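S.K.: Pasting a structure here, questions to come.
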Amino acid sequence: MTERELPRLSSADLHARYGDDEPALRRYRMLTALLREGRSASEVAQTFGVSRETLRRVRLAFDRRGVDGLRSQPRRSGHLMRGTPLARALRQELAADPGASDAALLHRVQAHMAELGIAAPRSSFYRLLGRLRAETVARQRSAPDTALREALSALAEDPPLALGRGDLAALLLPDVRDPLMRGRWLQRVLRTAIERLRPAEAGPALDDMRWRHYLIIAGEYEAGNSRAELQNALALSASTYSRAKREAMGRLAALLHEAAAELPSPAPPATMTAPPDPPETCTHEPELERYMARLRRDGLVVIWGHRGTGKTALAATMAARLIDRGQTVVWHTVRPAEGESSTGQQLLLSLAAALDADGKHTLWTQLNSGEPAQFSRAVDMLSQSLSGRHWTLVIDSADMLRGAHANQLITVLRNARFRRDLRLVLVSREIPDWVDSARWPPLAAPEDATTRRAMIALLDEQDGVEARPNDQRLALIRDRVGELLALTDLDILGTLPLNQRAAIHSALQPLEPIIRQLQP
């Protein structure tokens with residue numbers, strides 16, 4: 001490993017870099033004595049009251065990561081280090097809804113852990129939540145000076161690949177893999193932050209101190225002026241120029257986070273549509289076999305029942321097995337509507353994220369452009385983009401999907417399922433009104449052996465294991481006609497243009513005799 005040269009940092013530089021991190025300041029002084037003053041390792045260790053092994057680890061951290069390697073690292077709890085189900089569940093909830101209240105997060109995490117049959121003590125939850133949020137704040141505040149300077153040096157590059165591969169892009173966009181996408185996004189953020197350094201109301205540049213920060217940063221990194229040229233143009237001494245630039249970099253770092261928060265991420269986080277981890281042991285193996293068979297045949301599975309029966313755990317196991325077979329699974333957990341966001345809009349955003357990951361970027365870009373978009377138009381874009389996806393879409397807590405927006409999306413998803421563009425797995429406490437409840441008995445608790453046997457027998461009877469091919473075709477016709485009847489109950493035909501309604505009625509005429517026979 002190549003030995004690094006320890007940079008000379010003034011008191012102001014040390015405070016800007018380490019703040020109140022006294023152990024980090026002490027480590028820097030230890031290395032100063034060792035590397036700059038040429039003192040022996042034994043003497044330095046004795047002076048600072050540490051072992052030579054401690055000094056060796058400090059120097060190794062510096063050689064690996066530079067002066068940033070001297071920072072104190074926050075202690076991590078056993079849950080976080082081991083990656084326990086509680087820690088994974090809390091990370092997933094925080095990633096999905098960073099602004100949720102502590103009480104809402106506790107309720108969601110405890111509900112998730114109850115489905116897995118694992119306790120989630122309040123004390124452990126709040127301890128983990130405090131540490132995870134402290135880590136998030138530390139990441140948001142830590143735009144190291146070196147990473148920012150490197151990013152500014154690559155700002156003028158086109159295409160901005162080096163910018164996208166840099167440390168600052170990795171810090172601000174940890175979930176985005178494409179370096180070009182990260183580079184273009186960071187380029188816009190940096191230029192927005194630099195422009196905000198410009199005084200809104202100020203006098204002549206040489207007479208107004210507020211112009212210095214903007215002119216130094218914009219001059220060096222956007223206009224390409226040298227330090228000497230700017231120093232002469234601004235009539236500044238070398239020390240005054242250095243101090244002004246340090247101040248400008250500090251302001252720019254703060255403005256950078258502000259601009260990054262306003263500009264939508266170029267791509268959704270990978271965790272947004274990822275299924276939760278399945279339990280180590282499946283307690284509903286016989287039911288899972290029947291559900292998997294129905295999913296292959298009908299493209300629909302409804303897992304419903306009372307709380308605590310293991311619905312989410314069963315769906316997570318199903319998702320894991322489908323993924324192991326090379327299939328694409330999109331997972332969405334419905335959450336209570338907050339503010340102006342409806343449950344339908346949340347589902348639409350998850351589907352847009354899945355399309356973006358599948359190479360269809362238009363809907364995600366539209367929804368995150370900051371411009372208001374008509375929900376109906378976005379739903380039309382979704383309907384067109386779902387063609388040929390062949391996903392399995394799992395909607396957890398589907399009973400919470402309510403409102404006009406949710407109904408529009410349900411119609412689109414059902415149509416996509418009829419076209420075999422996707423398969424639906426609904427996890428719910430209540431069975432949806434458009435589903436034949438006779439075909440989907442409620443899931444029984446793992447310990448309720450009698451009810452489970454009756455449920456499995458009912459599923460086998462309805463599936464007609466020994467049925468003849470003609471009977472299977474008749475059952476399929478009955479299912480499709482029942483779905484058509486349910487669709488007409490949604491009262492959506494009246495909203496369609498006259499020519500479309502006429503076309504639908506014309507297409508349904510051959511089915512009218514069958515419909516009349518099958519209607520109760």
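The values are calculated or read from the model by the stated rules, or taken from the named source; none is laboratory data. Small disclaimer: the values here were computed from a predicted structure and weren't measured. Heads up, the Cβs are rebuilt from the backbone with ideal geometry, glycines too, and the neighbour counts pull from every protein chain shown. What goes into the accessible areas is simple: the full protein's heavy atoms, side chains included, and nothing from ligands, DNA or RNA. Shrake-Rupley method; radii C 1.70, N 1.55, O 1.52, S 1.80 Å.
S.K.: Does any residue of the range 99-121 turn out to be over 21 Å from PRO279 (Cβ atoms), of a type in the set (A, V, I, L, M) and part of a loop (DSSP other than H, G, I, E, B)?
M.R.: So far as the range 99-121 goes, yes, one or more of its residues are over 21 Å from PRO279 (Cβ atoms), of a type in the set (A, V, I, L, M) and part of a loop (DSSP other than H, G, I, E, B).
S.K.: LEU476 versus (1) modelled with pLDDT under 65; (2) open to solvent by 40 Å² or more (accessible area, probe 1.4 Å); (3) more than 26 Å from VAL329 (Cα to Cα): which is the lone unmet condition?
M.R.: If we test LEU476 against (1) modelled with pLDDT under 65; (2) open to solvent by 40 Å² or more (accessible area, probe 1.4 Å); (3) more than 26 Å from VAL329 (Cα to Cα), just (3) comes out false.
S.K.: Next question. Are any of the residues in the range 240-250 of a type in the set (A, V, I, L, M, F, W, C) and open to solvent by 20 Å² or more (accessible area, probe 1.4 Å)?
M.R.: no
S.K.: I need the full set of residues from the range 295-321 which are touching a Lys or Arg at 6+ places or on another chain (Cβ under 9 Å) and touching a residue at least 60 places away in the same chain (Cβ under 8 Å), in order please.
M.R.: Once the filter is applied, which keeps residues that are touching a Lys or Arg at 6+ places or on another chain (Cβ under 9 Å) and touching a residue at least 60 places away in the same chain (Cβ under 8 Å), the range 295-321 yields LEU295, ASP298, GLY299, LEU300, VAL301, VAL302, ILE303, TRP304, GLY305, HIS306, ARG307, LYS311.
S.K.: Here's something else I'd like to know. Looking only at the range 353-362, decide whether some residue is in a helix (DSSP H, G or I), over 16 Å from HIS112 (Cα atoms), in contact with a helix residue (DSSP H, G or I) (Cβ under 9 Å, 6 or more places away or on another chain) and modelled with pLDDT of 90 or more.
M.R.: Yes, the conditions are met somewhere in the range 353-362.
S.K.: OK, next. Within the bounds of the range 480-490, is there any residue that is surrounded by 12 or more Cβ atoms within 10 Å (Cβ to Cβ) and either β-branched (Val, Ile, Thr) or at pLDDT 65 or above (or both)?
M.R.: Within the range 480-490, one or more residues are surrounded by 12 or more Cβ atoms within 10 Å (Cβ to Cβ) and either β-branched (Val, Ile, Thr) or at pLDDT 65 or above (or both).
S.K.: Checking the conditions here, which among GLU371, GLU338 is within 24 Å of GLU430 (Cα to Cα), open to solvent by 40 Å² or more (accessible area, probe 1.4 Å) and modelled with pLDDT under 90?
M.R.: GLU338
S.K.: OK, next. Can you tell me which residue is nearest to the chain's Cα centre (by Cα) among those in the range 243-297 that are among the acidic types (Asp, Glu) and assigned to a helix (DSSP H, G or I)?
M.R.: Within the range 243-297, the match that is nearest to the chain's Cα centre (by Cα) is GLU262.
S.K.: Return yes when THR271 is hydroxyl-bearing (Ser, Thr, Tyr) and open to solvent by less than 40 Å² (accessible area, probe 1.4 Å) and no when it is not.
M.R.: Judged against the criteria, THR271 is not a match.
S.K.: Sticking with this structure for a sec: Only one of LEU86, LEU34, LEU55, LEU70 is surrounded by 14 or more Cβ atoms within 10 Å (Cβ to Cβ), at pLDDT 75 or above, within 21 Å of MET272 (Cα to Cα) and not basic (Lys, Arg); which?
M.R.: LEU86
S.K.: Just checking, which of ALA449, ALA378 is closer than 30 Å to GLY117 by Cα and not aromatic (Phe, Trp, Tyr)?
M.R.: Step by step, each of ALA449, ALA378 is checked, and only ALA449 is closer than 30 Å to GLY117 by Cα and not aromatic (Phe, Trp, Tyr).
S.K.: Further, regarding this structure: In the set GLN327, GLN345, which member is within 25 Å of the chain's Cα centre (by Cα) and within 18 Å of LEU426 (Cβ to Cβ)?
M.R.: GLN327
S.K.: Please determine, by comparing only the residues of the range 218-235 that are part of a loop (DSSP other than H, G, I, E, B) and of a type outside the set (A, V, I, L, M, F, W, C), which one is surrounded by the most Cβ atoms within 10 Å (Cβ to Cβ).
M.R.: The initial filter retains those residues of the range 218-235 that are part of a loop (DSSP other than H, G, I, E, B), namely 224-226, 234-235.
In the following step, the residues that additionally are of a type outside the set (A, V, I, L, M, F, W, C) were identified as 224-226.
Values: GLY224: 9, ASN225: 16, SER226: 10.
Looking at the filtered set, the residue picked out is ASN225.
S.K.: Pull out all pairs, ordered by first then second residue, where Cβ-Cβ is under 8 Å, the residues are six or more apart or on different chains, the first lies in the range 111-129 and is closer than 12 Å to ARG88 by Cα, and the second is open to solvent by 50 Å² or more (accessible area, probe 1.4 Å) and outside any helix (DSSP H, G or I).
M.R.: Every condition considered, the pairs that remain are MET113/ALA119.
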